[in-house]
Amino acid sequence: MGNSIYIILFMCSLIIIYYSINLIRIRKKALEMEAIEKAKELRQEKLKQLELLISPIIKQIKQFDKDKSILSNYYIANTESTLLKENYQNIFNQIKELPELALNNWGVLKKFREQYLQIDDWVQKANDIFIQKELNELKIFFQNIDNKSLDLQQQIATVTNEDNTLILAGAGSGKTLTISAKVKYLVERLGVHPDEILLISFTSASAEEMTERIQKKLGIPITAKTFHKLGLNIITAFGNVRPEISEMDLEKTIQHYFSENVVNNKQKISDIVNFYSMYLNVPKDLEEFDTLGEFHQDQSTYNLVTLKSKIENNEAKLKQEHRTLNLERVKSLEEVIIANFLFLNGIRYEYEYLYPFKADKDKYRKAYRPDFYLPDYDIYLEHFGITQDYRTPWLSKIEEAKYVEGIHWKRKLHQENNTTLIETYSYLNKDGVLLKVLKQLLQKQGVQFNTIDLRVVYKRIALQQNEERQFKELKKLINSFITLFKSNGFTEKDFLRIETQIPLIKSHFIQERTKLFLSIVKPVYSAYQEHLKKQNAIDFNDMINIATQLLTVNSSSSYKYKYIIIDEFQDISMGRYRLVKAIKDKTKAKVMAVGDDWQSIYRFAGSDLELFIQFEEYFGYTKLLKIEQTYRNSQELINVAAKFVKKNPKQLNKEPKSAKSLLQPIKIYGYDKDILTAFIKAIDDIVQNFGENAEIMILGRNTLDLKYLIEKDIDKRFRYSSSANAIICSYNK
């Protein structure tokens, strides 16, 4: 009985527990359902709140899609692409801050985010589609530009409408044709007014040709301008009067300065003579040469006649002494510098004077002639072409061993005969201390320095009727410096800036050279500027510099250009660049520059190839296009030229192509003694193969080649026509 009661009570407990657990489950489920309902309500509330926030964003996204659709109808330039990003940057940032709930419920937000992040890719694809569409729709247009048809690269260059476009166009690839097509496309297809296009070329002849093509053949009233004409027009517009252009050019000013301003000024004479004698040319470090042949080739480009022989032989001639006037010619530019240093310091020397003592029994060794002998002091001076570690990398190993052995042999010979030997080395030139060390060595041996009368030297090299050729090179150097100086927009105050940087130059030689040159060129520059001031005139560099200043300083401008097109851009100088940039900054015009860095030859006149190669750094975002199909030369000739030019690592790569073929585009004529014989043979062959009306271009190193040709022509087959600026050849059949 008792056990039964316990069992009943246990069963009742289990029942109570069971129902309690079920009640708990029911209660928990009710709570869960209640939580779910509350979560739903909360989510709905959040979605309502987000909808208020997202609604204007979605409107902006719709506008974004419209903007993209409108832009895709045209070429999308970087400015437009950047503006699109900037206009919707805030929307993109807002979306980034939204909770995941918003992105999951409004797919348009995710889509916009992806599109915004891929705008650059979309622009590229949109532009590709646009270009292809234009090419398809304008097939007839491109088949008749000045009665010529454009190739694919020319067509792409025409329809590409980037903020800045650099067209890399090889020789004979149709640059002018492409520019003509661009102008026609802008006016007829894009509705640009001719007055809104600034067309610039570098020479008057090319500007006139461009104008004729566009006006007469395309019927578009645009006049191409040179940079100088453009600058002059700007100055005239701002000043309401055309400025006077100097009739006395820089070359005449330099000539007048040296003949009138220097002759009575000892310090100026000293600076000029010393620079001319020892610093006009900068000797190359011998380690730059790979072979002895390269060294001799380099030295052959210098005038290796010493100053002493020029002066002494001239004095003998003036005294009408009956002796041969043999000019003293040394073997290297470094020896010229040493010889001139000795002469200008009144130290008598004999070049390659026969050593008076007999050498050893080696009968195959030539008679010993030291480089210099100083008879007043019985001192010999040898200048050895070695590096600091006694190497001669430009010689073969066998020749190097012989050269170094020769140094030891010479030293031993002087020791055996108790003669004084002073040594200098080429590595001293590399360190820029050759003359400094030489002076110390001479002073240590008690050599006296006595400056000679430099007025005699100056009159000989600068003032006689037949002016010394090397002195002409000095004047050319001064002319080039002042031209480059002004073309970069520098003024007199910049001389001080340059002078303060001289101590930073590592080479002592270059330091001294720079100081001397500045002491010479600065007063010439001042004299030239003073002449312009007195005449109330400007020169060609001033046309560009003053025009740039006027555009920069004045807040308003009447120029409304939308496009600036520049031909032969490889010839651009810093001054010209600044003028273009000033116009671009004022007008927000797009720039298209056409040129070929392989054809840049006007460095002496101020052109700076960096402006071409680093175009984007100067102008901003740039589209680089290439026109590589050439219609002038054969592929074989192009391959030869390209192989040579591509050795320069600092260039923009291109692969010129031609449909023309000429298996032997280059023919070399050898000669023994007389180059004129080979020249005549070449002319005869050309006439026989291409007729008497064939046009031949003759390239020479300088005008001396022309003079040589005329003087050596015994049969008088060649004559120079100044009116035609050409050599006239009488061909004998």
Förster radius 25 Å - calculated FRET efficiency between L135 and V192 (Cβ-Cβ, nearest 0.05)
0.80
Of K284/K581; K476/K584; K66/K623; K96/K125; K476/K681, which sit over 29 Å apart, Cα to Cα?
K284/K581; K476/K584; K476/K681
With a probe of 1.4 Å, find how much accessible area the chain has per residue, and write the answer as a whole number in Å².
59
Mind checking the angle between helix 574-587 and the chain's longest principal axis? C-alpha axes, 0 to 90 degrees, to the nearest 10.
30
Could you please state how large a percent of the accessible area of the chain is carbon and sulfur, counting protein chains only and using a 1.4 Å probe?
52
Prolate/oblate/rounded call for region 188-238, Cα gyration tensor, a/c under 1.5 rounded:
oblate
Could the peptides 127-133, 329-335, 535-541, 161-167 be put in order, highest first, of the mean number of other beta-carbon atoms found within 10 Å of their residues?
161-167, 329-335, 535-541, 127-133
Where does each of 446-455, 644-653 land if you order them by average Cβ count within 10 Å, highest first?
446-455, 644-653
Between S204 and Q255, take the C-beta separation as r, use R0 = 35 Å, and let me know the FRET efficiency to the nearest 0.05.
0.85
Once you've got the Cα coordinates, tell me which of K366/K712; K590/K657; K184/K590; K133/K229; K229/K588 are over 27 Å apart.
K366/K712; K590/K657; K133/K229
What ranking, highest mean first, results for peptides 404-412, 498-506, 480-488 when packing means the other Cβ atoms within 10 Å averaged over each residue?
480-488, 404-412, 498-506
Shape call, the chain: gyration tensor on alpha carbons, a/c limit 1.5:
prolate
Output the 0 to 90 degree angle, nearest 10, between the alpha-carbon long axis of helix 2-71 and the longest principal axis computed from the alpha carbons of the chain.
50
Nearest 10 degrees, 0 to 90: helix 307-318 Cα axis against the chain principal axis
40
Of I214, I698, ordered by accessible area with the largest first and a 1.4 Å probe, the sequence is I698, I214
Accessible area of K284, 1.4 Å probe, to the nearest 10 Å²?
90
Estimated 222 nm signal from helices in the chain, with DSSP H stretches of n ≥ 4 weighted -39500 (n - 2.57), rounded to 500
-17000 deg cm²/dmol
So for R0 = 35 Å, FRET eff. of Q511-L421 from the Cβ-Cβ r, to 0.05, ends up at 0.75
For region 397-438, what class follows from the C-alpha gyration tensor (a ≥ b ≥ c being the square roots of its eigenvalues): rounded when a/c is under 1.5, otherwise prolate if a/b is larger than b/c, else oblate?
oblate
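The values are calculated or read from the model by the stated rules, or taken from the named source; none is laboratory data. The structure displayed is predicted, hence computed values, not measured ones. In this analysis, Cβ positions are derived from the backbone assuming ideal geometry, glycine residues included, and neighbour counts consider all displayed protein chains. Calculation scope for accessible area: heavy atoms of the full protein, side chains included, ligands and nucleic acids excluded. Shrake-Rupley method; radii C 1.70, N 1.55, O 1.52, S 1.80 Å.
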